[in-house]
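The values are calculated or read from the model by the stated rules, or taken from the named source; none is laboratory data. None of these values were measured; they are calculated from a predicted model. As a convention, Cβ positions derive from the backbone with ideal geometry for all residues, glycine included, and neighbour counts pool all protein chains shown. Just so you know, the surface numbers come from the protein's heavy atoms only, side chains and all, with ligands and any DNA or RNA stripped out. Shrake-Rupley method; radii C 1.70, N 1.55, O 1.52, S 1.80 Å.
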Amino acid sequence: MADFLNATLTKNHNQPPGPLPLPIVGNTHLLPKNKPWIYFEQLSNSLNSPVITFWIGRNPTVWIHDCWSATELFERKAAVYSSRPSMVVFSELTRMGQSNLVTMFYGDRWRVHRKVTHMGVGLQQVRKYRDFQNDESRIIAYELLRTPEKYVAHLERYATSVVSIIGFGRRVSSIDDPIITEVIAVMQKAADLNVPGKSFPMLFETLPWLARLPPNLFPGLFHGLGKRRRGQQFFHALAEEAHQRDPDAPCYANQLFEEAPQYGLQHEEISSLAVDFGHAWEELDRVVGPHGSPTWEDEPSLPYISAFVKKVFRWRSVAIIGGQPHAPVTDDIWNGYAIPKGTWIQGNVWAIHHNERDFPDPDRFDPERYLKGSPKARPFSNDRGYMTFGWGRRVCSGQGLAEQGTFITIARLLWGFNIRKAVDKKGKEVPVDIFAYTNGLNTRPEPFPCRFTPRSDEIRQAIEREGRQALEDLSVYDFESERISQYLKQSKQEA
Ligand code: HEM
């Protein structure tokens, strides 16, 4: 009780507004079972404050709901707001802590890891990956001709394969490769673990002492956490295998083994969906034509497609609460509010991108808002017009890779296909629920059927020709991995 009074009467009295916390549980009891970002958005609206405080147990957490406050805190005051808070579940229990860039506190160690990461996926570096990224994207279109109903699997294979080529020089060629489901399951588990909630395991965040109890008191609970750790060991083993196979191959694993020691790193550390395609097609047909798919060189002449891609990033962001929380390295005063050192501060990207003032009618998919000079455009606090990849010094290291890949893939699929809702046996269109997204920290749409049909015979031929050529070009990255086989065998035995 003394602790509660101390926290509420001293620390809380000039913090951003929020519901009155109870002893021990704070406000945790108010959290909904799913998608707390929607609840926080409503709370922010009802308190009429874009920045609010919500107590998770005895810890006040701060939630930001508009781009302007996010830019002021995370970008303009980046020297203060670039650390991570202590996180029981995602950092301590997963043992990622200070060995993983994502959860590392701000400081010299983080700087070294960030520098080393940028050797692999920095903005300049990723331009070198465009050839194989383009080829992998061509394979998506090629496969969609044959098995359009498996469109999700084709996109997952693409993403896994691009990262695997960068990291280990080995591509993932089949949608049935179990490594895809493995990687995605581990990521999904990690994403689930990190959603603030009042049930296990997030209850550890409210009552951190529970995490000190013997793990066998919570049967099954730590399974996913252990997997995360095992995932790290697995990636390290893959890197070693790539290095042993060909120490001169131009993959990131080799670059790390060569250059990381000079930074003092050890080997272990190295490890109502009415979308109007008419405008897009008009632009693609005029600029690109039917005989070959779009390239990055076409980008400056495709302003509508660029606006479309921005809209995708804005409309439904993957990292719905901006990934991991930031934390200030010192006590700070902002707009008269006290924000103590180490406070957990999270950008509610869902709410930022749905702020009615900045994006009127926010669930409408309207790329025109991103066209220069459009009367529909509204000011935003950064040039990109979205905050999908986070902020300031902690901004996503893979942003360049993700943005260029998303552009080329969207441009190609829009150019190549008529994408429509599926039809049922009676020929009626199957409705798509634009709010049916998963609950994890990285949200994705719940599976829904849809139709992909090539827009013309000429286009279909171009997709086939480019697909065959891409397969040939990418064959240099095709090889069996002993480490992957071992890993999958072990996973099967444990299942
Ligand atoms: C659409 C794809 C992606 C999205 C939406 C995304 C989003 C994010 C977000 C929101 C953050 C937290 C930023 C912050 O704290 O302010 C982050 C961090 C990070 N991302 Fe991504 N990311 C994506 C893809 C990637 C890829 C492909 C890579 C690597 C190849 C990557 C590597 C990282 C790393 C290393 C961090 C931690 C940076 C740090 O804490 O200093 N991401 N990402």
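Observations
- Considering only the chain, percent of DSSP beta bridges that pair antiparallel, nearest 5: 85
- Prolate/oblate/rounded call for the stretch 42-91, Cα gyration tensor, a/c under 1.5 rounded: oblate
- The stretch 338-415: C-alpha gyration tensor shape, a/c 1.5 cut-off, then a/b vs b/c: oblate
- Each of GLN493, ILE179, ASN194 was scored by the projection of its Cα onto the charge dipole of the chain, and the greatest displacement toward the positive side belongs to ASN194; charges sit on the C-beta of Lys, Arg, Asp and Glu.
- Within the assembled protein chains, the solvent-accessible surface assigned to TYR151 is about 30 Å², based on a 1.4 Å probe.
- Karplus-derived 3J(HN,Hα) values for the stretch 399-413, using 6.51 cos²θ - 1.76 cosθ + 1.60 with θ = phi - 60°, are 4, x, 5, 5, 5, 5, x, 5, 4, 5, 6, 5, 4, 5, 5 Hz; glycine and proline are entered as x.
- When the solvent-accessible area of the stretch 381-455 is split by element, carbon and sulfur atoms take up 55 percent of it, the probe being 1.4 Å.
- Cross-link table LYS35/LYS310; LYS77/LYS189; LYS376/LYS428, entries beyond 26 Å C-alpha to C-alpha: LYS77/LYS189; LYS376/LYS428
- Shape call, the stretch 423-473: gyration tensor on alpha carbons, a/c limit 1.5: oblate
- Here the accessible area of the stretch 160-218 is 67 percent carbon and sulfur, with a 1.4 angstrom probe and all protein chains present.
- Solvent-accessible area per residue in the stretch 90-161 equals 44 Å², computed with a 1.4 angstrom probe and all protein chains kept.
- Across the stretch 323-385, C-alpha contacts under 8 Å between residues 6 or more apart give a mean separation that, scaled by the residue count, equals a relative contact order of 20 percent.
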